[in-house]
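The values are calculated or read from the model by the stated rules, or taken from the named source; none is laboratory data. Note that the structure is a prediction, hence the values are computed from the model and not measured. Cβ placement follows ideal geometry from the backbone for every residue including glycine, while neighbour counts extend to all protein chains displayed.
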Amino acid sequence: MSYTDADSQTLNQNRANYWLLVWENLSRNRFWQFLLIAVGSASSFVYPHAPLVGLAVVAGSTLKRDRAIAAAMTIWLVTQLYGYAIRQYPHTFESVAWGLLMGAGTLAVCLISAIRPRFSQKDWKGHLLWLGLALVAGSILFQGSIILAIALSGGHGLTEAILGKIFIKEASWAIALSLVHRLIAWLRI
């Protein structure tokens, strides 16, 4: 191994260690957790259905597992409270069941994204790759459970166009929040 190869390998290792250090610091930071909760909760004012998948993926991939679960479930709870109090969700068993299904889906997506495989811990690119994979897997799980519930209840179906729009909304939120996370990490440098 030449001197240049050794320097390059050391630089790559230092970058990996640095990214992990920054991620660890932010993952324990209450500011980032509260910012996610605030933005996620405020999304209820913008959309009748908050981007729970995108928010859960970002929480799971940027916070420690317990904080991620707390953030994701707080966002879900706020959206439910807002829905029933302000948006006039119907007070029926079916409506509550839908809310609980969405809560379970949000929790499952958060837990999936919190796995954070080794490649996602090496650098920002690995983190983004995992974020994308978790977003796709989480969307399939979340929307799949809703499609199954609709099919079992005999209700209306979701079209591919609607699912595509939902995925774009979820991905947009996940990307935007990931960029905010990256900006905060960069500012801490």
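So, LYS165, is that one among the basic types (Lys, Arg), in contact (Cβ under 8 Å) with a residue 40 or more places away in the chain, in a helix (DSSP H, G or I) and under 28 Å from GLU94 (Cβ atoms) or not? I'd like the intermediate steps shown before the answer.
Values: among the basic types (Lys, Arg): yes; in contact (Cβ under 8 Å) with a residue 40 or more places away in the chain: no; in a helix (DSSP H, G or I): yes; under 28 Å from GLU94 (Cβ atoms): yes.
So LYS165 fails the test.
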In the range 135-147, is there at least one residue being without any contact (Cβ under 8 Å) to a residue 24 or more places away in the chain and within 30 Å of LEU21 (Cα to Cα)? yes
Give all pairs with beta carbons closer than 6 Å in which a residue from the range 110-123 that is under 17 Å from ALA70 (Cβ atoms) meets a residue that is at pLDDT below 85 and of a type in the set (Phe, Trp, Tyr); count only pairs at least 6 apart in sequence or on separate chains. none
Give the number of residues within the range 100-123 that are part of a helix (DSSP H, G or I) and either among the aliphatic types (A, V, I, L, M) or crowded, with 17+ Cβ neighbours inside 10 Å (or both). 15
Matching residues in the range 133-162 - criterion: being small (Gly, Ala, Ser) and assigned to a helix (DSSP H, G or I): ALA134, ALA137, GLY138, SER139, GLY144, SER145, ALA149, ALA151, SER153, ALA161
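Condition (residue is on the phi > 0 side of the Ramachandran plot and either surrounded by fewer than 17 Cβ atoms within 10 Å (Cβ to Cβ) or over 12 Å from the mean Cα position of the chain (by Cα) (or both)) applied to the range 158-179: is it met by at least one residue? Break it down into steps so the answer makes sense when it comes.
Initially, the range 158-179 is screened for residues on the phi > 0 side of the Ramachandran plot, giving none.
No - not one qualifying residue is present in the range 158-179.
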Quick one: count up the residues across the range 142-157 that are surrounded by fewer than 16 Cβ atoms within 10 Å (Cβ to Cβ), touching a helix residue (DSSP H, G or I) at 6+ places or on another chain (Cβ under 9 Å), under 19 Å from LEU52 (Cβ atoms) and not small (Gly, Ala, Ser). 1
Between ALA68, ALA72, which is touching a Ser or Thr at 6+ places or on another chain (Cβ under 6 Å) and closer than 25 Å to GLU24 by Cα? ALA72
Considering residues that are over 19 Å from ILE147 (Cα atoms), of a type outside the set (Phe, Trp, Tyr) and either more than 17 Å from the chain's Cα centre (by Cα) or surrounded by fewer than 19 Cβ atoms within 10 Å (Cβ to Cβ) (or both), the number found within the range 74-99 is 13
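Residue-wise test of (1) buried (at least 24 other Cβ atoms within 10 Å of the Cβ); (2) of a type outside the set (A, V, I, L, M, F, W, C); (3) at pLDDT 95 or above.
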residue: SER27; (1), (2), (3): no, yes, no
residue: ILE37; (1), (2), (3): no, no, yes
residue: GLY40; (1), (2), (3): yes, yes, no
residue: PHE45; (1), (2), (3): no, no, no
residue: PRO48; (1), (2), (3): no, yes, no
residue: VAL57; (1), (2), (3): yes, no, yes
residue: LEU63; (1), (2), (3): yes, no, no
residue: ALA72; (1), (2), (3): yes, no, yes
